[in-house]
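Since the structure comes first, as structure tokens, the remarks are kept for the end.
The values are calculated or read from the model by the stated rules, or taken from the named source; none is laboratory data. Please read all numbers here as calculations on a predicted model, not as lab measurements. Heads up, the Cβs are rebuilt from the backbone with ideal geometry, glycines too, and the neighbour counts pull from every protein chain shown. Accessible surface areas use protein heavy atoms only, side chains included; no ligands, DNA or RNA. Shrake-Rupley method; radii C 1.70, N 1.55, O 1.52, S 1.80 Å.
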Amino acid sequence: MSSSHSNSAYSLLSDPFLQFPTESSVKVVWFTEFQGRENKIIYGQNLDKEIIAKTTELSRTREDEQSKVKGDYSETTRRQIWRHEGEITGLKQGEKVPYKVVTLVKKDKIESNVFSLASSPKKETPLKILLTSDHQLKPMVAANLQKVVETIGKVDAIFLAGDLVNIPDRASEWFDDQRGGAFFPCLQGLANYTIENEDKTTVYHGGQLIQSAPLFPTIGNHEVMGKWSETKRLSRQFVDAIPREVAENLYSEKSDSINPNHDNNFKESWIKNNSFNTDTYEEIFSFPQTASNNSHYYAVTFGDIRLVVLQVTNIWRSPSLEKKVTGRYQEAEKDFDNPENWGYGQHIFKPIEKGSEQYQWLKNELKSEAFQQAKYKIVMFHHPVHTLGGNIVPAYTNPIQKINKDTEGNITEIRYEYPKENDYIIRDLMPLLETAKVDLVFYGHSHLWNRFISSNGINFLESSNVGNSYGAHLGNNKRQIPPDYSPLNYVEIGDPNGLKPIIPNLAPLTDENNNPLPYIASNEITVFSILDTEKGTVSSYYFDTRKPNSNVIKFDEFAI
């Protein structure tokens, strides 16, 4: 599974990977299915130094009957996984240091191969950064990441704009899904994913990337679990999120009976377990622990880049208008009189509107010296600003619930509306980013590649056609929109926020009439993008998995 080597029955659950370097330090993280009696990092030019890692157990990782993993998981079952983290300090910028990790268990010693680590790069260091998102164990991810390494070689960091797995509490999706395409194996060159074409079967192993290059993650909708249950399927718990305010109101009604001593920790835990949480995501990754940064939004300097990561994501609901669907625009008919089953539309997980805590944090960050002096100012989040994809409609705003009743007071419809003029990204977030002269806004969510540029020169890139696509809405491919919602200006085709997509300037794909396409939305062709700080460019490449022996094609490049 991992590249650890020993004659033991034990092995590491992942290779080590790097997190959040500073000018003189970097964190090393790895996972096992046992606590180990000692977990340590051996490092130094002669591998002559060591530090003991801090070990914690993940609190919510589980498997169930839908898991593709060894073991008996006929019902939802806790899976014990331990995380080990050590911080290597006293590093000099620009120096690569060999390291490996060692876990001692019983009388056995399990160790990883030797990789290299480094602190945060100096300014003017030429860097190549992989821009990626929406892996979700999709079919082409291992091929995509393998081609990154074959084409670019080692990258210096990975900026990942959310949706790392499908169901964040399902451990096997991170580590050892038997289909061969779990999250960590793909990014560590340890995947084993087969793509079958008519005449050929090809096994892809992903790329050995994060063992030596830090990963900067973002919260997307697939990092969020819904209401906690001991017994329900994980896929059911995943979709069963409701707004925190609704859970707070429920708590208020019950607090005297369920929490007679008014214990605040109990209250917070109850509200979280009855709304939504990002616990597994937060327990897997490290984050810059400073007064301003946290696991939900943070800013870091990496060489010439100031990277600002926001939590801009809402729950995904189906656009279907079938009466049985708890969806984007409605509640299911069977639940009209059962508010405990309502989904509350496409509600937002973390406020970003003007005046919110995150908005204020961003405002301060954009004024900071670190941001203002950076050569490249990059903002990353999950939800698209401009896209041809389906997930940008309706507007990014809190759903307005409308309940219609007949003359006898029976509910006939519960619908949700999202006024376009209240789109928080366009109305509140973008004016801040425009004033701050951001160079690039990078996001995902719609599983395609397209890019845009605003009149004042901000580049927008969505490079999320990594493993599959749900299509681009141009021509006759219209988004699914309620027929009576036309006054709300929900846009069926094109970018709802008014920019024209840019046709790739090197080698665009073409339609059946040989017209160049301004996007790639494919289940056979996978795309990755590389930011090159030496040239000041973002280059995008595609690889056609139907032709496993074909070359990777650079199809677009723009300056930032």
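I'd like to check something: does segment 462-472 contain any residue that is outside any loop (DSSP other than H, G, I, E, B), touching a residue at least 24 places away in the same chain (Cβ under 8 Å) and touching a Leu at 6+ places or on another chain (Cβ under 7 Å)? Yes, some residue in segment 462-472 is outside any loop (DSSP other than H, G, I, E, B), touching a residue at least 24 places away in the same chain (Cβ under 8 Å) and touching a Leu at 6+ places or on another chain (Cβ under 7 Å). Can you confirm whether segment 138-153 contains a residue that is closer than 30 Å to W228 by Cα, at pLDDT 95 or above, open to solvent by 10 Å² or more (accessible area, probe 1.4 Å) and out of contact with any strand residue (DSSP E or B) (no Cβ under 6 Å at 6 or more places or on another chain)? For segment 138-153, residues closer than 30 Å to W228 by Cα, at pLDDT 95 or above, open to solvent by 10 Å² or more (accessible area, probe 1.4 Å) and out of contact with any strand residue (DSSP E or B) (no Cβ under 6 Å at 6 or more places or on another chain): present.
Scanning segment 310-344 for residues that are polar (S, T, N, Q) and touching a residue at least 12 places away in the same chain (Cβ under 8 Å), we see that the one that is farthest from V385 (Cα to Cα) is N341. Listed here are the strands (runs of 3 or more DSSP E) enclosed by segment 142-225 that have at least 3 residues being closer than 28 Å to Y73 by Cα: 193-196.
Exactly one residue out of T412, T407 is hydroxyl-bearing (S, T, Y), part of a strand (DSSP E or B), more than 18 Å from the chain's Cα centre (by Cα) and over 28 Å from I493 (Cβ atoms), and it is T412. Residue pairs whose Cβ atoms lie under 9 Å apart, sitting 6 or more positions apart in sequence or on different chains, and linking a residue in segment 415-426 that is in contact (Cβ under 8 Å) with a residue 60 or more places away in the chain and outside any helix (DSSP H, G or I) to a partner that is of a type in the set (F, W, Y) and open to solvent by 30 Å² or more (accessible area, probe 1.4 Å), are Y416/Y344. Restricting segment 475-488 to residues that are touching a Pro at 6+ places or on another chain (Cβ under 8 Å) and part of a loop (DSSP other than H, G, I, E, B) leaves a set whose member that is surrounded by the most Cβ atoms within 10 Å (Cβ to Cβ) is R479.
Candidates are the residues of segment 30-54 that are in contact with a Phe, Trp or Tyr (Cβ under 6 Å, 6 or more places away or on another chain) and within 19 Å of A171 (Cα to Cα); the one that is least open to solvent (accessible area, probe 1.4 Å) is T32. Residue by residue through segment 56-81, note down the ones that are within 23 Å of D108 (Cβ to Cβ), free of Cβ contacts under 8 Å to residues at least 60 places away in the same chain and either acidic (D, E) or surrounded by 16 or more Cβ atoms within 10 Å (Cβ to Cβ) (or both). Across segment 56-81, the qualifying residue is only E57. Just to be sure, is Y359 touching a helix residue (DSSP H, G or I) at 6+ places or on another chain (Cβ under 7 Å), assigned to a loop (DSSP other than H, G, I, E, B) and in contact (Cβ under 8 Å) with a residue 40 or more places away in the chain? When the stated conditions are applied, Y359 does not pass them. For the condition closer than 22 Å to L448 by Cα and basic (K, R), K200 does not qualify.
Take N364 and tell me if it is assigned to a helix (DSSP H, G or I) and touching a residue at least 40 places away in the same chain (Cβ under 8 Å).
yes
Scanning segment 298-314 for residues that are open to solvent by 10 Å² or more (accessible area, probe 1.4 Å) and in contact with a helix residue (DSSP H, G or I) (Cβ under 7 Å, 6 or more places away or on another chain), we see that the one that is farthest from G409 (Cα to Cα) is T301. Screening T435 on (1) farther than 23 Å from R306 by Cα; (2) out of contact with any Gly (no Cβ under 6 Å at 6 or more places or on another chain) shows it passes everything except condition (1).
Close contacts from segment 522-540, counting a first residue that is closer than 20 Å to Q146 by Cβ and open to solvent by 20 Å² or more (accessible area, probe 1.4 Å) and a second that is assigned to a loop (DSSP other than H, G, I, E, B) and of a type in the set (F, W, Y), with Cβ to Cβ under 6 Å and a gap of 6+ residues or different chains, come to none at all. Is there any pair linking a residue in segment 104-119 that is at positive phi to one that is open to solvent by 20 Å² or more (accessible area, probe 1.4 Å) and modelled with pLDDT of 95 or more, with Cβ under 8 Å and at least six apart or on different chains, and which? Within 8 Å, the pairs are K106/R37. Of all residues in segment 541-560, those satisfying the criterion of being open to solvent by less than 20 Å² (accessible area, probe 1.4 Å) and either within 16 Å of I305 (Cβ to Cβ) or of a type in the set (F, W, Y) (or both) are F543, F555, F558.
Y344 fulfils the conditions (1) in a helix (DSSP H, G or I); (2) open to solvent by less than 50 Å² (accessible area, probe 1.4 Å); (3) of a type outside the set (A, V, I, L, M, F, W, C) except for a single criterion, (1).
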